[in-house]
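Enquirer: Attaching a single structure in C-alpha cells format; questions to follow.
The values are calculated or read from the model by the stated rules, or taken from the named source; none is laboratory data. Predicted model only: the values in this text are computed from it and were never measured. Cβ: placed from backbone, ideal geometry, glycine included. Neighbour counts: every protein chain shown. Just the protein is used for accessible areas: all its heavy atoms, side chains included, with ligands, DNA and RNA removed. Shrake-Rupley method; radii C 1.70, N 1.55, O 1.52, S 1.80 Å.
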Amino acid sequence: MTDLISVARLAGVSRATAARAFSDPHLLKPGTLQKVLAASEQIGFRPNHIARQLRTQHSTTLGVLLPSLLNPVFALQLQAMEQQARQAGYALLVATSDYQAEREVAIVEHMLHQRVAGLVLTVADADRSALLPTLAAAKMPFVLTHNVPQQHDWPALCVDNRKAMAEATAHLITLGHRHIVMAAGPMQQSDRARLRYLGYCEAMQQAGLQPRAMIEMPSHIQSDFRLLLPLMNAPSPLTAVICSNDLLAISLLGAAARAGVSVPNQLSVIGFDGIELGEQLSPSLASVVQPIALMGTRAIDLLLNPGGKTHLLAHHLRLGESIAPAFHGSISGKHHVTQP
C-alpha cells in the first residue's frame, strides 16, 4: 500500500517535506514541490483529505458540488447561492460531477484541500454515498440540495418528490389519461428520479391503473423517441409521458414533432423543475415547479446557521399547453408513428 513515506523516499525528501507539498505547497521551493508531486504520481499516492480535519483556520470559501451546469435548474440555484454567500462574506468553489458518483469523493477531497468552511452538495444517491458518512464523521458542515436522504437525518433541502410526481400523474388521470409512462435518465445516477417514479406508481395504483415500467433514457437531458414507439403503436396507445426533468421533456417535445406526433393532441407531456424556458416554447411545457432560487438561498443560510434536518419546500403544478384531455383514438394506418 502506497503512503507518504514511500513518496518521501522516492522524492529524496523528508516525510515532513512530502506532507507539506500537499498541505502548504507554497512553502516549498518549486523544484522540491515538483519532485514530490512527480513521486506521488509515479506510485499512485493521493492524500486522503476527507480523513483529516483540515479546517485549522477560518475560511471564507464554501464548496459547491452539482451534477451539471447544463441544466438551468442547477445554474439558477448556483446564482442564488453565490449572491447569498457574497452577502455573508463568502466566496464559492464550484465543481460538477457529471452525475458520476465515483467522481464525488475526489472532487470533495480537492475542496477540503482548499480548506473550504462547508459544503453544499447534490450527490447521485444520498443513502448509498461513500462520501457523506465520512464528512459527517469528520464534522465537516454540509447541506444537501435536491437529495432526499431516507436513512439518515443529514441537513437537506428538497421538494417532496414522491408527492409532487403523484400529483402530476393524478392530474393527467383527471384529464382522462390511462396509458401514462414516466421517462428519466439513468436511474442509478439520481435518487430523486427513483422517488418520483414511486409517486407515479402510487397515483396510478390509487386510480386502479397498472403502472408502466420506467422508460430509461440514455441521458438526463436527451430523449430517444424510439423507446416510446412500441407504446405509441400499441392497440391502446400511450397518451401521456411525465419526464423526470424539464430538459428531458423539452427534448421529447422536439422528438415527437420530428416523429409526426402532435403534442398535446396525441401525446401529453409534463416536465419537472419549472424552468422558464419551458414557458417560452410552443406548446408551452406543463411542469412541476420547484422553488430553485429559494433552495439556493436557503442552502447557504442553513450551512452558515445550522438547524434542523430535512427541509421540505413547496412545489406546484404549472399547467401548460403540452397537456390536454386524452386522445383515445387508435394511432394506426396513416397515423402510424415511425422512427424519426
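Enquirer: At a Förster distance of 25 Å, what's the computed FRET efficiency of Ser68 paired with Asp153, Cβ-Cβ distance as r, to 0.05?
Expert: The calculated FRET efficiency here is 0.35.
Enquirer: With contacts defined as alpha carbon pairs under 8 Å and 6 or more residues apart, what's the relative contact order of the chain in percent?
Expert: 17 percent
Enquirer: Now for a separate question. What is the antiparallel percent of DSSP beta bridges lying wholly in the chain, to the nearest 5?
Expert: So the antiparallel bridges in the chain amount to around 10 percent.
Enquirer: Probe of 1.4 angstrom, ligands and nucleic acids ignored: what's the accessible area per residue over the chain, in square angstrom?
Expert: With the other protein chains kept in place, the chain gives 45 Å² per residue.
Enquirer: On to the next question. Of His316, Met81, Thr32, which is farthest on the positive side of the dipole of the chain, counting Cα position, with +1 on Lys and Arg Cβ, -1 on Asp and Glu Cβ, and the Cα centre as origin?
Expert: Thr32
Enquirer: Grab the beta carbon distance between Thr61 and Thr134, set R0 = 35 Å, and tell me the FRET efficiency rounded to 0.05.
Expert: 0.95
Enquirer: Calculate, in nm to one decimal, what Ala88 and Leu312 gain on full extension: separation in residues at 0.36 nm each, minus their alpha carbon distance.
Expert: The Ala88-Leu312 span can extend by a further 78.3 nm.
Enquirer: Right, something else. Can you work out ³J(HN,Hα) from phi for every residue in the range 217-234, in order, using Karplus 6.51 cos²θ - 1.76 cosθ + 1.60 and θ = phi - 60°, giving whole Hz and x for Gly and Pro?
Expert: For the range 217-234, the Karplus curve yields 7, x, 8, 7, 10, 10, 8, 10, 5, 4, 5, 9, 4, x, 6, 5, 9, 6 Hz.
Enquirer: Based on the Cα gyration tensor of the chain, what are the three equivalent ellipsoid semi-axes, each the root of five times an eigenvalue, rounded to whole Å and given largest first?
Expert: In descending order the semi-axes read 46, 21, 16 Å.
Enquirer: Which percent of the accessible heavy-atom area of the range 113-239 goes to carbon and sulfur, probe 1.4 angstrom?
Expert: 51 percent
Enquirer: Can you give the extra length, in nm with one decimal, that the chain gains between Ala38 and Met187 once fully stretched, where that is 0.36 nm per residue apart less the Cα-Cα distance?
Expert: That pair, Ala38 and Met187, stretches by 49.8 nm at full extension.
Enquirer: Among 254-261, 121-128, how do they line up from the highest to the lowest mean number of other beta-carbon atoms within 10 Å?
Expert: 121-128, 254-261
Enquirer: Per 0.36 nm of contour for each residue apart, how much would the distance between Ala106 and Gln205 grow if the chain were fully extended, relative to their Cα-Cα spacing?
Expert: 31.5 nm
Enquirer: Can you tell me the dipole magnitude for the chain around its Cα centre, using point charges on the Cβ only (Lys, Arg +1; Asp, Glu -1), in Debye to the nearest 20?
Expert: So the dipole magnitude of the chain works out to roughly 680 debye.
Enquirer: Using the charge dipole of the chain (Lys, Arg: +1 at Cβ; Asp, Glu: -1 at Cβ; taken about the Cα centre), state which of Leu66, Gly274, Ser219 has its Cα farthest towards the positive end.
Expert: Leu66
Enquirer: Just to confirm my numbers, what's the Cα centroid distance between the range 199-218 and the range 103-122 in Å?
Expert: Distance between centres, Cα-based: 37 Å.
Enquirer: Okay, next question. Tell me the angle of helix 191-206 to the major Cα principal axis of the chain, expressed in degrees between 0 and 90 and rounded to the nearest ten.
Expert: 30 degrees
Enquirer: Relative contact order for the range 259-323: what percent, with Cα pairs under 8 Å and sequence separation of 6 or more?
Expert: Once normalised by length, the contact order is 44 percent.
Enquirer: Quick one: net charge of Leu28's neighbours, Cβ under 14 Å, K/R +1, D/E -1?
Expert: Every neighbour counted, the sum reads +3.
Enquirer: Measuring from a point 7 Å past the Cα of Arg212 along Cα-to-C-beta, which residues in the range 229-256 have an amide N at less than 12 Å?
Expert: Hits in the range 229-256 for Arg212 at 12 Å: 229-243.
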